[in-house]
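What follows is a short report on a single structure.
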Amino acid sequence: MYGIISEELIIRNFQKAQLSVIGRHNVTTHTLRLFTDLYAPGENASPLPPVARVLYVVAGGITVRASSVTASLDPNSAWQGSVTPQVVAGKSGARVLRWELVRSNLAEDTHARASAESVLTLQSEITLSDPNGVLMRCDRVDFPKGGEALTHVHQGPGIRCLLTGDIRIDTHGSSTPYGVGHAWFEAGPDPVYAAASAHEPTGFARVMILPRSCQGKSSIRYVLPEDADKPKSQKYQIFADEFIEA
């Protein structure tokens, strides 16, 4: 388990590591963004530009064709890739969450509507400076009624979108509630406490940009040493965990 001593130590060590990397390697500014795409039944969407991307199906179904490979996605499944995908909706249409990572100076050039109803739900600029590269992870986190995520940090930034229930996020001295369909950004090194609904199960999907060393491993670290060995109520389901060229 992780031997984290304090919130202040986490932030201080992270900042030192960032300064060290910045001093020796190129730093690039990217935009991580989330769209909500609503597809009509049978809609054959316009091809999307080739950027690092995740498509997660919330409802309905889609078929994704990319690089001569075809994948059929049902609810609670995802596709990840950096090539141009062709998306065709199923007979009942689809609601899809679409995350993209693009260089900030190209964000407008690569801004594309995947369907007749595409909404930019949330975006945030992030700085990438890991000399060993990064990976793009899409997973789902589920809580039982009354579940919680004890105060923690992650090894990289990400955008979450609530699928079921409701959740309260405590960070930076403030507390913010989120309902289904709402999204929020977590920078990674900022300590976060999450409280799920006391009345129903809660779940969210997320995409994080992490060091490649995290592949196949948890990115979470608990702020308080005594929390590391406590039982955890949240469950994880990973859909994609792939290296990307950013």
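Read-outs throughout are calculated quantities, based only on the coordinates presented, and are distinct from any laboratory measurement. Nothing here was measured: the structure is a model prediction, and the numbers come from that model. Note that each Cβ is placed from the backbone with ideal geometry, even for glycine, and that neighbours are counted across all protein chains shown.
Observations, loosely collected:
- Report summary: the helix-based calculation at 222 nm, which adds -39500 (n - 2.57) for every DSSP H run with n ≥ 4 and divides by the residues of the chain, gives -2500 deg cm²/dmol.
- Distant-in-sequence amide H partners of residue 240 (H built 1.01 Å from N, under 5 Å): 138
- Backbone geometry of region 125-142 corresponds, through the Karplus equation with coefficients 6.51, -1.76 and 1.60 at θ = phi - 60°, to 3J(HN,Hα) couplings of 7, 9, 10, 10, 9, 6, x, 8, x, 9, 10, 10, 10, 10, 8, 10, 10, 10 Hz, x marking Gly and Pro.
- In the chain, lysine pairs closer than 19 Å at Cα, eight or more apart or cross-chain: 6
- Exposed loop sites are taken as GluC sites (Glu not before Pro) in a DSSP loop (any state but H, G, I, E or B) with at most 15 other beta carbon atoms within 10 Å; the longest stretch of the chain without one runs 109-244.
- The chain: angle of helix 7-24 to the longest principal axis, Cα-based, in degrees nearest 10: 60 degrees
- Label of the coordinate-derived value, P(r) over Cα pairs in 10 Å bins from 0, in percent, listed as [x] 7, 26, 32, 20, 9, 4, 1, 0; [y] 6, 22, 29, 20, 14, 7, 2, 0; [z] 7, 30, 36, 20, 6, 0: [z]
- Label zone of residue 237 (point 7 Å out along Cα→Cβ, amide N under 20 Å): in region 140-160 this covers 140-149, 159-160.
- Here region 31-128 was treated as a single set of alpha-carbon atoms; its pair distances binned every 10 Å from 0 give 17, 53, 26, 4, 0 percent.
- Remark on residue 52: its backbone amide H falls under 5 Å from those of 101, a criterion applied only to residues 5 or more positions apart or on other chains, H modelled at 1.01 Å from N.
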